[in-house]
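*Asks:* This is the structure I want to talk about, given as structure tokens.
The values are calculated or read from the model by the stated rules, or taken from the named source; none is laboratory data. What you see is a predicted model, and the numbers here were worked out from it, not measured in a lab. Don't worry about glycine lacking a Cβ; one is built from the backbone with ideal geometry, like all the others, and counts go over all protein chains shown.
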Amino acid sequence: MRSTLKLTWPLLALAAALAGCSDDDSGGNNNSDPCAEVSCGDHGTCDPTDGTCQCDNGYAGDACDECASDFVMVADDCVAACTGDADCDDGLACNGEETCGADGLCQVGTAVDCLETETCLEPDGVCVTTVLVTFEDLGLGADSHWTGDATGVHTFVSGEATFWNYYDDTYGPYWEGFAYSSTTDTTTPGPGNQYSAITGVGAEGSQTYGLGYQGYMGTTPELLFDTDTGYTIAGAYFTNTTYTYLAMRDGDAFSKQFGGTDGTDPDWYKLSIVGVDSTDATTGMVELYLADYRFSDDAEDYLVDEWTWVDLSSLGDIVGLRFYLSSTDNDEWGMNTPGFFAIDNIRRIAP
Ligand SMILES: [Ca+2]
Ligand SMILES: [Ca+2]
Ligand SMILES: [Ca+2]
């Protein structure tokens with residue numbers, strides 16, 4: 001209570017003083033300020049000598065709410081009207097040629113329409129792509145596969161990329177990391193058919209494709225491009241392998257049927273693609289759901305069964321890629337979904 005009293009008395013005194021002042025000078029203030037009743041909006045200031053609005057450049061009218069001549073209204077702002085197409089050119093070619101309309105407003109151009117696998121390159125606006133990796137140069141015959149030679153870590157090279165492979169035949173052939181294949185079996189379930197893409201063919205009708213496998217030895221599927229400083233990858237094609245596809249669709253001894261018995265479980269199987277730059281730092285990540293049952297409308301749930309182009313340009317200038325697989329189907333030993341994917345036709349953004 002004491003603190004309230006202390007505050008109250010000075011406030012009352014101030015209010016009384018203000019009231020007295022207002023009584024004495026009422027009317028005098030209004031008459032002496034010609035701007036008191038004037039509003040010049042957001043684009044002008046009132047001149048105190050005569051109460052007129054001085055408008056900002058491009059604005060006009062008593063309240064500065066109109067555009068001056070040679071200016072046009074764009075989203076509540078007055079901008080200089082264009083007089084020719086050159087006034088509208090934003091300097092970028094890929095978004096098309098901007099034009100000056102009869103109303104003095106710039107019209108957006110028609111963007112360059114590149115193929116899905118191509119990227120529009122400034123400053124010329126040309127659609128570019130350079131295929132770096134096809135796996136065809138590995139010389140694999142029809143309906144065959146290569147998963148490693150002797151126990152240990154190996155690499156193989158296709159085009160401008162070096163792929164890591166781990167192989168161990170101590171207890172029969174076992175591999176991780178990357179392999180390559182031309183096998184075509186799209187119907188046989190189980191690990192005996194772990195070398196086939198569900199498409200039965202390489203991307204864009206080719207024979208040979210790459211296989212990635214995140215196995216229990218912990219070898220991350222990884223590849224390194226033939227560049228020291230890095231370049232921008234446009235993207236690559238990915239799809240499921242037959243083994244993984246059928247395991248998710250139908251379930252098997254090791255992994256669950258995606259969606260569960262009634263088809264409503266929100267299961268997913270995801271490939272995460274990470275870019276690595278010349279300092280071995282991660283530049284970003286792009287994700288591809290190779291299976292996604294999270295849709296509330298189960299008719300939208302899907303398993304990828306075609307070669308799917310994935311744009312990787314957002315990873316920036318990179319020297320390599322790392323691949324990680326994850327799933328909703330796990331137990332204490334790790335992921336139950338067979339951790340395979342297929343890859344083909346890696347493209348670089350280059351003229
Ligand atoms: Ca343009
Ligand atoms: Ca190929
Ligand atoms: Ca669903």
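*Asks:* Can you tell me which residue is nearest to ligand 3 (Cβ to nearest atom) among those in the range 67-102 that are hydrophobic (A, V, I, L, M, F, W, C) and closer than 26 Å to residue 113 by Cβ?
*Replies:* Looking only at the range 67-102, we keep the residues that are hydrophobic (A, V, I, L, M, F, W, C), and these are 67-68, 71-75, 78-82, 86, 88, 92-94, 100, 102.
Checking the rest, the ones that are also closer than 26 Å to residue 113 by Cβ come to 82, 86, 88, 92-94, 100.
On the way: 82: 51, 86: 53, 88: 47, 92: 41, 93: 43, 94: 38, 100: 51 Å.
Restricting to residues being hydrophobic (A, V, I, L, M, F, W, C) and closer than 26 Å to residue 113 by Cβ, the top hit is 94.
*Asks:* For residue 350, indicate whether it is within 21 Å of the chain's Cα centre (by Cα), hydrophobic (A, V, I, L, M, F, W, C) and not in a strand (DSSP E or B). Reasoning before the result, please.
*Replies:* Numbers: within 21 Å of the chain's Cα centre (by Cα): yes; hydrophobic (A, V, I, L, M, F, W, C): yes; not in a strand (DSSP E or B): yes.
Yes: the conditions hold for residue 350.
*Asks:* From the list 259, 284, 275, which one is in a strand (DSSP E or B), in contact (Cβ under 8 Å) with a residue 12 or more places away in the chain and on the phi > 0 side of the Ramachandran plot?
*Replies:* On the way: 259 fails: in a strand (DSSP E or B); 275 fails: on the phi > 0 side of the Ramachandran plot.
Result of the check over 259, 284, 275: 284.
*Asks:* Select from the range 141-161 the residues that are touching a strand residue (DSSP E or B) at 6+ places or on another chain (Cβ under 6 Å) and of a type outside the set (Gly, Ala, Ser) and list them in ascending order.
*Replies:* So the first thing to find is which residues in the range 141-161 are touching a strand residue (DSSP E or B) at 6+ places or on another chain (Cβ under 6 Å), and the list is 145-148, 151, 153-156, 158-161.
Scanning the range 141-161 gives 145, 146, 147, 151, 153, 154, 155, 156, 160.
*Asks:* Also, quick follow-up: Inside the range 247-289, can you point out the residues that are of a type outside the set (Val, Ile, Thr), closer than 18 Å to residue 321 by Cα and touching a Ser or Thr at 6+ places or on another chain (Cβ under 9 Å)?
*Replies:* Here is the first cut: in the range 247-289, the residues of a type outside the set (Val, Ile, Thr) are 247-260, 262-263, 265-272, 275, 277-278, 280-281, 284-285, 287-289.
Those still in the list that are closer than 18 Å to residue 321 by Cα too: 270-272, 275, 277-278, 280-281, 284-285, 287-289.
Of everything in the range 247-289, those that are of a type outside the set (Val, Ile, Thr), closer than 18 Å to residue 321 by Cα and touching a Ser or Thr at 6+ places or on another chain (Cβ under 9 Å) turn out to be 270, 271, 272, 275, 277, 278, 284, 285, 287, 288.
*Asks:* How many residues are outside any loop (DSSP other than H, G, I, E, B) and farther than 30 Å from residue 236 by Cβ when one looks only at the range 64-120? Walk me through how you get there before you give the answer.
*Replies:* Step one: of the range 64-120, the residues outside any loop (DSSP other than H, G, I, E, B) are 66-67, 71-74, 77-80, 85-88, 99-100, 106-107, 119-120.
If we keep only those that are farther than 30 Å from residue 236 by Cβ too, we end up with 66-67, 71-74, 77-80, 85-88, 99-100, 106-107.
Looking only at that region, the number is 18.
*Asks:* Right, next: Can you pull out the residues in the range 237-259 that are over 23 Å from residue 287 (Cβ atoms) and among the small types (Gly, Ala, Ser)?
*Replies:* 251, 253
*Asks:* Moving to a separate point now. Name the strands (runs of 3 or more DSSP E) wholly inside the range 126-227 in which the number of residues that are over 33 Å from the mean Cα position of the chain (by Cα) is 1 or more. Even if it seems obvious, please write down each step before you answer.
*Replies:* Details: elements: 126-128, 130-133, 152-158, 161-168, 174-181, 209-213, 222-225.
By residue number, 152-158, 161-168, 174-181.
*Asks:* Sticking with this structure for a sec: If you check residue 305 against the conditions, is it touching a residue at least 24 places away in the same chain (Cβ under 8 Å), away from ligand 2 (no atom under 16 Å from the Cβ) and in contact with a helix residue (DSSP H, G or I) (Cβ under 9 Å, 6 or more places away or on another chain)?
*Replies:* On the way: touching a residue at least 24 places away in the same chain (Cβ under 8 Å): yes; away from ligand 2 (no atom under 16 Å from the Cβ): yes; in contact with a helix residue (DSSP H, G or I) (Cβ under 9 Å, 6 or more places away or on another chain): yes.
Yes; evaluated as a whole, the condition is true for this residue.
*Asks:* Against the definition (within 19 Å of the chain's Cα centre (by Cα), closer than 23 Å to residue 177 by Cβ and more than 16 Å from ligand 2 (Cβ to nearest atom)), how does residue 275 come out, yes or no? I'd like the intermediate steps shown before the answer.
*Replies:* Details: within 19 Å of the chain's Cα centre (by Cα): yes; closer than 23 Å to residue 177 by Cβ: yes; more than 16 Å from ligand 2 (Cβ to nearest atom): yes.
Answer is yes for this residue.
*Asks:* Taking residue 105 as meeting all but one of (1) out of contact with any Cys (no Cβ under 9 Å at 6 or more places or on another chain); (2) surrounded by 14 or more Cβ atoms within 10 Å (Cβ to Cβ), write down the number of the exception.
*Replies:* Condition not satisfied by residue 105: (1).
*Asks:* A further question on this structure: What's the total number of residues in the range 139-175 that are of a type in the set (A, V, I, L, M) and surrounded by fewer than 18 Cβ atoms within 10 Å (Cβ to Cβ)? Spell out how you get there, then give the answer.
*Replies:* The first filter runs over the range 139-175 and keeps only residues of a type in the set (A, V, I, L, M), leaving 140, 142, 150, 153, 157, 161.
Among the residues that remain, those that are also surrounded by fewer than 18 Cβ atoms within 10 Å (Cβ to Cβ) are: 142, 150, 153, 157.
Count: 4.
*Asks:* Please go through (1) within 16 Å of ligand 3 (Cβ to nearest atom); (2) on the phi < 0 side of the Ramachandran plot; (3) outside any helix (DSSP H, G or I); (4) surrounded by 14 or more Cβ atoms within 10 Å (Cβ to Cβ) for residue 248 and return the number of the only condition it doesn't satisfy.
*Replies:* Only one criterion in (1) within 16 Å of ligand 3 (Cβ to nearest atom); (2) on the phi < 0 side of the Ramachandran plot; (3) outside any helix (DSSP H, G or I); (4) surrounded by 14 or more Cβ atoms within 10 Å (Cβ to Cβ) is unmet by residue 248, namely (3).
*Asks:* Then there is this: Exactly one condition in (1) farther than 25 Å from residue 187 by Cα; (2) at pLDDT below 95 is false for residue 215; which is it?
*Replies:* Failing condition for residue 215: (1).
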